[in-house]
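Engineer: Here it is, the structure, as structure tokens.
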Amino acid sequence: MLYLIPTPIGNLADITLRALEILKSVDLILAEDTRTSSVLLNHYLIQKPISPYHQHNEHKIVQHLTEQMLGGKKIALLTDAGTPGISDPAYLLVKHCIENNVEVNCLPGATAFVPALVNSGLPTDRFCFEGFLPLKKGRQTFLKKMAIEERTMIFYESPLRLLKTLSHFIEYFGASRRCCVSRELSKKFEENKRGTLQEVHDYFLSKSIKGEIVIVVEGLDK
């Protein structure tokens with residue numbers, strides 16, 4: 001059995017009771033960053049074997065992990081924050097498990113783009129989640145494609161690249177397109193800045209930008 005366990009995106013109290021029960025029952029916990037996940041596990045007094053599982057080692061160990069589960073082991077997969085597989089490693093292991101008839105169970109729980117979308121004030125009936133933008137190769141082509149997207153768009157971004165990305169959005173989408181930038185969701189200093197792309201860009205131009213970033217942008221209004 002493979003369990004995909006969503007973990008809090010900030011506030012440790014946001015984990016579900018069922019997630020805690022499963023983490024206490026499994027034979028092994030896989031973590032994107034064992035140091036980060038250990039903070040959560042120690043907070044809830046969970047003492048289980050923990051091993052790293054990330055994009056740099058997943059291809060090397062996926063077969064071994066599958067064999068362990070076929071042998072009867074129960075394994076839980078955590079990422080640093082949010083739901084495994086959403087802009088974080090999980091797809092390869094899930095695919096391998098399904099191909100080998102290992103049962104996969106994904107628990108409902110935290111993921112950053114849902115609260116960011118809902119509190120943005122932009123339409124929530126139709127949307128597309130695009131994760132992180134291409135850093136270099138294909139970025140221009142991607143932005144041209146998204147410029148004509150009619151659904152509300154959701155992106156993840158790092159604090160260091162926020163202003164650059166907003167500048168590119170202004171260039172390709174237009175300065176008047178509405179957006180919301182959410183950072184530090186569920187934490188003490190949570191902030192949701194709403195306005196046009198130009199207004200939000202200018203606001204963060206004079207700020208020290210910290211925390212995980214979600215950008216929600218309205219689709220093209222035809």
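The values are calculated or read from the model by the stated rules, or taken from the named source; none is laboratory data. Treat the numbers as computed from the prediction; the structure is a model and nothing was measured. Neighbour counts run over all protein chains shown; Cβ positions are idealised from the backbone, glycine included.
Engineer: Considering each residue of the range 205-220, count those that are of a type outside the set (A, V, I, L, M, F, W, C), surrounded by fewer than 14 Cβ atoms within 10 Å (Cβ to Cβ) and in contact (Cβ under 8 Å) with a residue 40 or more places away in the chain, and give that number.
Structural biologist: Residues in the range 205-220 being of a type outside the set (A, V, I, L, M, F, W, C), surrounded by fewer than 14 Cβ atoms within 10 Å (Cβ to Cβ) and in contact (Cβ under 8 Å) with a residue 40 or more places away in the chain: 1 in total.
Engineer: Is it the case that the range 123-131 has a residue that's within 24 Å of Gly211 (Cβ to Cβ), polar (S, T, N, Q), surrounded by fewer than 18 Cβ atoms within 10 Å (Cβ to Cβ) and touching a helix residue (DSSP H, G or I) at 6+ places or on another chain (Cβ under 8 Å)?
Structural biologist: The answer is yes, given that some residue of the range 123-131 is within 24 Å of Gly211 (Cβ to Cβ), polar (S, T, N, Q), surrounded by fewer than 18 Cβ atoms within 10 Å (Cβ to Cβ) and touching a helix residue (DSSP H, G or I) at 6+ places or on another chain (Cβ under 8 Å).
Engineer: Run down Gly82, Gly138 and say which single residue is over 22 Å from Gln198 (Cα atoms), under 20 Å from the mean Cα position of the chain (by Cα) and not β-branched (Val, Ile, Thr).
Structural biologist: Gly82
Engineer: Exactly one of (1) among the polar types (S, T, N, Q); (2) at pLDDT below 95; (3) at negative phi is unmet by Ser87. Its number?
Structural biologist: (3)
Engineer: Which ones in the range 118-146 are among the aliphatic types (A, V, I, L, M) and either assigned to a helix (DSSP H, G or I) or touching a Cys at 6+ places or on another chain (Cβ under 6 Å) (or both)? It would help to see each step written out before you state the result.
Structural biologist: Initial filter on the range 118-146 (among the aliphatic types (A, V, I, L, M)): 118, 122, 133, 135, 143, 146.
Selection gives Val118, Leu143, Met146.
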